[in-house]
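The values are calculated or read from the model by the stated rules, or taken from the named source; none is laboratory data. Everything numeric here is computed off the predicted structure, so don't read it as measured data. Cβ: placed from backbone, ideal geometry, glycine included. Neighbour counts: every protein chain shown.
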Amino acid sequence: MSGLTRLTIAEARDGLRSRKFSARELTGAHNEAVVRSGPLNAFITATPERALEMAAAADARLARGDGLPLDGIPLAIKDLFCTKGVLTTAASHILDGFTPPYESTVTEKLWAAGAVMLGKTNLDEFAMGSSTTTSHYGPTENPWRRAGDNRPLVPGGSSGGSAAAVAARAAMGATGTDTGGSIRQPASFCGIVGLKPTYGRCSRWGVVAFASSLDHPGPMTRTVRDAAIMLRAMAGHDPKDSTSAPVPVPDFEAALTGDIRGLRVGIPRDHAGAGDLSSGNAALWQSGIDWLKDAGAEPVEISLPTTHVALPAYYVIAPAEASSNLARYDGVKFGLRVDGESLDDMYEKTRAAGFGPEVRRRIMIGTYVLSAGYYDAYYLKAQRVRTLIARDFAAAFERCDCILTPTAPTAPFAIGEKSDDPVAMYLNDIFTVSSDLAGLPAISVPAGLSEGLPAGLQIIGRGFDEETVLRVAGVLESAAAFTHLPSFVAGE
Amino acid sequence: MALDKATVARIATLARIRLSDDELEPLAAELSGILDWVEQLMAVDTDGVPPMTSVAEMTLPMRDDVVTDGGDRDGVLGNAPRAAKGFFAVPKVVE
């Protein structure tokens, strides 16, 4: 049966339940698409046999009429989630050969909901990057190309393999993680939906840690409805993550009413001159305002005065946490070991060989800002600025119900561009990083083409109000009617 | 904030990452560039503002002090680059 890889998760769910096709057929079509997606380098590890076994189990349940919420839906998993018995790399040389003896909570929940694992997707090493070019396993290519220009473009990052796989129809959805924008910016660059939930909504247990106070697992899909379906399965309190929120998980799909009449949409005017917002993305932002207004929402000008220093604050806090989290890679318990004369010699040689340049840079920055004499000046200063950013949002949400911004300042750039200037690369996250620092839910929705390439708009909501975020995103999605396909499609 | 080679070497030692001499100069320039950009933070008035320690407004949950997991030595050692007699094996640290 052809066309199976073009379905949305919601459509596939209906087709499986009405037995139009089997989970094995659906998974078989996606296993083939994963193979055809090879030129993108979106996957580090494919797991076709396991996928077919999981699909067969789903078929048995569906035949009995007791199908699970995600039964038979083939998904890709960012290779930052530990998967029991399946190589988990974080795209780093230092995790060579690491096969977790346990499963992350989020993936465990997805499998318990009947989903099927197609494989593990590529990312920036330890999720540190905005281009999926720092992977030990080589860069991932964006399935989109500029018109009349054959240079491969970055898919964004760090969840670039997941974004490319979903955009190229090699997976129906994927997991991502967002620390500074790593779900939303690649979603924008690849023309898909990416949802970063509220901090604490999805458990971090079993997700390789980058910056623990900022890491947010979330879904990446082709539609807003699919993001709502996946999030419901991924979310929920987990006693194994002490920052996991003990709050009930709503039926996010039920929030997609399409009715946003009277809703106040905040437009942060201080973002207009921020970074190097391209004229194309600025025009799409204006379209987004018009669409929401046409649907009965009320645009409200707001101010987020501290967010202009959100990125520098992030580049103190995230490296500080990373330098601490990555201390565990010492050549003793797992992964790479380079032998040395002494224990310290082994540590130093192992870590020199195992970490790539960007990870090394961030560990060094983090070590410096936490070191004696600099802790107050850098680390505590950044944490105070973080408080101010959270207060900015709290004040804004007294005047509005959600906030609309561009997701990324520009269209996707070519592989190799911006790689010689770390700060230029960091500026990709200028619109996404504030909601990570404040822990607020935010989504990127494909809004149109800018320079012939996809660009997303972002909706930020109040803590634990993913429902409003999804509802507004659904309206944006309908108005934008983004039906463009990338130049490279792996699915039939 | 310009970092000199000696400072970069000291950070590398603290971070347990071996650097060769010819890596120090370029890394000092890169790290100084990032720290210069971070300096913008110093212009923000944060007098009387408490540092944020967590976005989640919750106290850490308590649980009963009982064993919830364990007894899987082979699983724990399964990924070790070197293990011996049920332990992680490392270079000799005591003469």
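Assorted remarks:
- Residue ID - surrounded by the most Cβ atoms within 10 Å (Cβ to Cβ), chosen from residues in segment A:355-377 that are among the hydroxyl-bearing types (Ser, Thr, Tyr), within 7 Å of chain B (Cβ to nearest Cβ) and assigned to a helix (DSSP H, G or I): A:TYR368
- Selection of segment A:265-305 for residues being part of a helix (DSSP H, G or I) and either in contact with a helix residue (DSSP H, G or I) (Cβ under 9 Å, 6 or more places away or on another chain) or buried (at least 22 other Cβ atoms within 10 Å of the Cβ) (or both) yields A:ASP270, A:HIS271, A:ASN281, A:LEU284, A:TRP285, A:SER287, A:GLY288, A:ASP290, A:TRP291, A:LEU292, A:ASP294.
- Spans of strands (runs of 3 or more DSSP E) in segment A:141-245 with at least 1 residues over 19 Å from A:SER435 (Cβ atoms) and of a type in the set (Gly, Ala, Ser): A:173-178
- From the options A:SER434, A:SER419, residue that is buried (at least 24 other Cβ atoms within 10 Å of the Cβ) and out of contact with any His (no Cβ under 7 Å at 6 or more places or on another chain): A:SER434
- Of note, B:PRO91 does not satisfy the criterion of being at pLDDT 95 or above and not hydroxyl-bearing (Ser, Thr, Tyr).
- Selection status of B:PRO81, at the interface with another protein chain (Cβ under 7 Å from one of its Cβ atoms) and either at pLDDT 95 or above or part of a helix (DSSP H, G or I) (or both): yes
- Scanning segment A:322-348 for residues that are closer than 15 Å to B:LEU14 by Cα and touching a residue at least 12 places away in the same chain (Cβ under 8 Å) returns A:ALA322, A:SER323, A:SER324, A:ASN325, A:LEU326, A:TYR329, A:ASP330, A:MET346, A:TYR347.
- Within segment A:315-334, tally of residues that are more than 7 Å from chain B (Cβ to nearest Cβ) and part of a loop (DSSP other than H, G, I, E, B): 2
- Pair list, Cβ under 6 Å, 6 or more apart: segment A:209-228 residue within 14 Å of chain B (Cβ to nearest Cβ), other residue assigned to a strand (DSSP E or B): A:ASP215/A:THR177; A:HIS216/A:ASP178; A:HIS216/A:LYS196
- Matching residues, segment B:20-52, being within 7 Å of chain A (Cβ to nearest Cβ) and assigned to a loop (DSSP other than H, G, I, E, B): B:VAL44, B:THR46, B:VAL49, B:PRO50, B:PRO51, B:MET52
- Some residue of segment B:2-14 being over 19 Å from the mean Cα position of the chain (by Cα), more than 9 Å from chain A (Cβ to nearest Cβ), not acidic (Asp, Glu) and not in a helix (DSSP H, G or I): yes
- A single member of B:ARG73, B:ARG63 is within 9 Å of another protein chain (Cβ to nearest Cβ), among the basic types (Lys, Arg) and within 29 Å of A:THR243 (Cα to Cα), and it is B:ARG63.
- Hits in segment A:445-464 - residues which are assigned to a strand (DSSP E or B) and under 12 Å from A:ILE403 (Cα atoms): A:LEU457, A:GLN458, A:ILE459, A:ILE460, A:GLY461
- In this entry, A:ALA382 passes the filter for residues that are buried (at least 24 other Cβ atoms within 10 Å of the Cβ), in a helix (DSSP H, G or I), at the interface with another protein chain (Cβ under 7 Å from one of its Cβ atoms) and touching a residue at least 40 places away in the same chain (Cβ under 8 Å).
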